[in-house]
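Worksheet: the structure to be examined is printed underneath.
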Amino acid sequence: MTILVALMALPSSFSGVQALIFDLMGTCADWHTSIVSAMKGHPIPPPLVDSDLPALALEWRAGFFRAIIASFEAGEESPDIDIVHARLLDELLEARGVSPDSGWDSKRRADLVHAWHDQKPWPDSVEGLKRLKDHLMVVVLANGTTRLQLDIIRSSKLPFDALFSSQLLQATKPNKNIYLKALDLLALQPSQAAMVAAHAYDLRAAAELGMKTIYIQRTTEDLDEDMDKVKADVDLFVDGRDERGGLLKLAELWNT
């Protein structure tokens, strides 16, 4: 049964949880604001205009998810996220009639790819994590490289205890092995950890292994998901669409 955050206390089913295992981009870091800001930091090449940039960023991210899922379904190793982002950006700009000789030349495109390493946190994330750390281990488990995770943590000041990348664990979400390897490193059984994400596919995979699941709803994530279906699929659903929700609300539940 899904529990919504309107309750005044954490459900008793979470009493044995010792660690929260977080997705990073979209769940804790506001990649969209960061990427759109980076795009606006360069003269916008025609035929693009300023109002095109938010949708362009969303399509860029959606392309990454498609590439990751295709890699998982093919049984391949997790691809280098910078290489994938560079290829996708070239494809998206070509489709919009932006040539490599435009204002966004190879150097500026490389700068935009690197912008994924420099992200802002959601307003609730830093303080929420600090409060949760009073009770639990808080770690990252996300697709991508370890260097990407380190750069995001340094730029966003997100206070995690440990970082587990798909590169490090040699498996890609939603492959069950990536969750099992993280649990093994933490010396925990699945029931002793909760996966926290703004992506339903991630939580559905974790739930199959017996992990608790916490969904953080964000304005930029899972735009094609039916939220009623998501609520039915997870153990705890937290609205993170305003600055007092999200991880702050989750920490409030753990403190009651």
CD proxy, 222 nm, the chain: helix-only mean residue ellipticity via -39,500 (n - 2.57) per DSSP H run with n ≥ 4, per residue, nearest 500, stands at -13000 deg cm²/dmol
Just need the relative contact order of the chain here, percent rounded to a whole number, with Cα pairs under 8 Å and 6+ apart.
29 percent
Fewest-first ranking of Glu252, Glu127, using other Cβ atoms within 10 Å as the exposure measure
Glu127, Glu252
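With a/c under 1.5 counting as rounded, go ahead and sort the chain into rounded, prolate or oblate using the C-alpha gyration tensor (a ≥ b ≥ c being the square roots of the eigenvalues; past the cut-off, prolate if a/b is larger than b/c, else oblate).
prolate
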The stretch 32-117: relative contact order in percent, alpha carbon pairs under 8 Å with at least 6 residues between:
44 percent
Helix 146-156 axis, angle to the chain major axis (alpha carbon atoms, nearest 10°):
90 degrees
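Going by how many other Cβ atoms sit within 10 Å of their own, how do Asp224, Asp124, Asp151 line up, fewest first?
Values: Asp224 5, Asp124 22, Asp151 16.
Ranking Asp224, Asp124, Asp151 by Cβ neighbours within 10 Å, fewest first, gives Asp224, Asp151, Asp124.
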Pairs Lys133/Lys157; Lys107/Lys173; Lys120/Lys212: which exceed 20 Å Cα-Cα?
Lys107/Lys173; Lys120/Lys212
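If you count the DSSP beta bridges with both ends in the chain, what percent of them are antiparallel, to the nearest 5?
Details: 2 of 25 bridges.
Antiparallel: roughly 10 percent of the beta bridges in the chain.
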Once amide H atoms are placed 1.01 Å from N in the peptide plane, what residues at a sequence separation of 5 or more from His199, or on another chain, have their amide H within under 5 Å of its amide H?
Ile216
Among Leu185, Leu158, which comes first, then next, by fewest other beta-carbon atoms within 10 Å?
Leu185, Leu158
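Values quoted throughout were computed directly from the atomic coordinates according to the rules given, and no laboratory measurement underlies them. All figures in this text were calculated on a predicted structure; none of them were measured in a lab. Backbone-built Cβ (ideal geometry, glycine too); neighbour counts: all protein chains shown.
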